[in-house]
There are 2 protein chains.
Amino acid sequence: MNESRKKIAVLGGTGNLGLALAWRWARVEHEVIIGSRTEEKAQQAAAEINRRTCNGSAHGKENAAAAKAADIIVMTVPFAAHDATIETIKPYLSGQILIDTTVPLKPPKVNVVQLPETGCVAVQTQVLVGDKARVVAAFHNVAANLLNKDTDIDCDVLVTSDDLEAKKEVMQLSDEIGCNALNAGALANAIAAEVFTSILIHMNKTYKTGHAGIKITGL
Amino acid sequence: MNESRKKIAVLGGTGNLGLALAWRWARVEHEVIIGSRTEEKAQQAAAEINRRTCNGSAHGKENAAAAKAADIIVMTVPFAAHDATIETIKPYLSGQILIDTTVPLKPPKVNVVQLPETGCVAVQTQVLVGDKARVVAAFHNVAANLLNKDTDIDCDVLVTSDDLEAKKEVMQLSDEIGCNALNAGALANAIAAEVFTSILIHMNKTYKTGHAGIKITGL
């Protein structure tokens, strides 16, 4: 049993990134609650994770119920659904850590940075939730297809927050699943990781790979 | 003699980044014109470079005269001087490649991203110069103190432009001085490299180093 077992809700947890993160946390025996717009899909995804881990750590709920039950909430919904999902869970926030992984991609030109009018997504998230959650931004640049395999991750995770304790906790959760976490400073710095994803998508195409990532050198 | 010898004007070439780039290009026998607000300071910097390279490839001029004489113009002035410098050289632009290295740092909080109202600096540069120059953004993330030494550079250079030929030429100029160039897509993607510098400054302090850099993995 994981001695520091957390209840982690992964909203949008039926998508590629959410499912992969949820599987990795379930594998190290955190309690994982897959959140989805429909409970049935959430439960199907949880069952898939439980088949892979054989430890029964995952279950599924609607997004709002998942958020309500969790210590830590992870946003892995598409950018277009970001604000609406925040509104859905806002009544159930009570000081939890809210990990925002959202990258502001606007199809079809996902390989070109298109900055939202409100600027940094994670800062906007903190504005939307006020003091009802402690926003930490992370996991923008790591390839979901790598995360979803039993393989090493050659990509650093840039972790930003204005709450130092919350940031440290998320860095530990990242390290536990094989993603080397780095303290990347204030929440406003999340914009660098958010917009970087378009460059990685561009490079995946230009250099014909499927998992471009980023490492900080010289540390 | 460098067979593809270029005339490269480095505006703000008396500063740390400009001087280091100028020295590296002079060393591989490009003709380097240091640009500064005062011709005297430009000539002093050029003399210093010539002492180091012993090949007399560098000379110095005022910024406008330097730009006028060059095939390739490199902007290495502080962000606060960026727009004014563009205005100074604009009358002398006639289709040159304009390499913009500018990062939007606003002292004293240089370790926190502070996005300019106009967004991406390099895109704004292209707006300011119109069709009088082909803007390529590069060299935002490489530590000047490393560039200025005879050492390997463990940092990729993200090169962005809307002009593919200009981008290729700048990638070659980067590779020639030991900076591994990567095609990072459209000029709008320059914002990722621009804002990333605040994260590297933050990491230099947090992880007690002086030359945090960035490598793309998985290519």
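Values quoted throughout were computed directly from the atomic coordinates according to the rules given, and no laboratory measurement underlies them. Since the structure is predicted, the reported quantities are computational estimates derived from the model, not experimental observations. Here the Cβ positions follow ideal geometry from the backbone for every residue, glycine too, while neighbour counts run over all protein chains shown.
Summary table below
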quantity: Considering only the range A:7-206, percent of DSSP beta bridges that pair antiparallel, nearest 5; calculated: 5
quantity: Length gained when the stretch B:L219-B:E39 is fully extended (0.36 nm per residue, less Cα-Cα span); calculated: 60.4 nm
quantity: Value of D in µm² per second that Stokes-Einstein yields for the range A:117-219, Kirkwood Rh from Cα pairs, at 20 °C (1.002 mPa s); calculated: 149
quantity: The range B:7-206: radius of gyration and largest Cα-Cα distance (Dmax), Å; calculated: 15.4, 45
quantity: Under 19 Å from the Cα of A:K168 - aspartates and glutamates, other chains or at least 8 residues apart; calculated: A:E3, A:D71, A:D100, A:D131, A:D156, A:E176
quantity: Förster radius 35 Å - calculated FRET efficiency between A:Y207 and B:N55, Cβ distance, rounded to 0.05; calculated: 0.50
quantity: FRET efficiency, 1/(1 + (r/R0)^6) with R0 25 Å, evaluated for A:D83 and A:Q114 via beta carbons; calculated: 0.95
quantity: Cα-only Debye scattering, the range B:13-71: base-10 log of I(q)/I(0) at q = 0.26 Å⁻¹; calculated: -1.00
quantity: Eligible aspartates and glutamates near B:K106 by straight Cα distance, threshold 16 Å, same-chain separation 8 or greater; calculated: B:D83, B:E117, B:E194
quantity: Label-point separation, A:K132 to A:E165 (7 Å along Cα→Cβ), nm; calculated: 2.1
quantity: Radius ratio Rg over Rh of the range B:1-123, counting only Cα atoms, Kirkwood formula for Rh; calculated: 0.99
quantity: Largest-first principal axis extents of the Cα set of the range B:110-169 (Å); calculated: 37, 32, 15
quantity: Cα-derived Rg over Rh, computed across the range A:78-151 with Rh taken as Kirkwood radius; calculated: 1.00
quantity: 7 Å along Cα→Cβ, label-point gaps from B:G56 to other copies, nm, shortest first; calculated: 8.5
quantity: Where N is the number of residues in the protein assembly as shown, Cα Rg divided by 2.2 N^0.38 Å; calculated: 1.06
quantity: Euclidean distance between Cα centres, the range A:32-82 to the range B:35-73, Å; calculated: 61
quantity: Inter-probe distance in nm under a simple model that places probes 7 Å from Cα toward Cβ, at A:A69 and A:Q172; calculated: 2.4
quantity: Identity and axial distance of the chain A residue whose Cβ lies nearest the axis relating A to B, Å; calculated: A:K215, 2
quantity: Inter-copy label distances at A:A84 (7 Å, Cα→Cβ; nm, one decimal); calculated: 4.9
quantity: D_trans [Stokes-Einstein, Kirkwood Rh over alpha-carbon pairs] for the range B:144-204, 10 °C, 1.306 mPa s, µm² s⁻¹; calculated: 127
quantity: Label distances, nm, A:K132 versus same residue in remaining copies, Cβ-directed 7 Å point; calculated: 5.3
quantity: Taking N as its residue count, the alpha carbon Rg of the range B:53-100 over 2.2 N^0.38 Å; calculated: 1.21
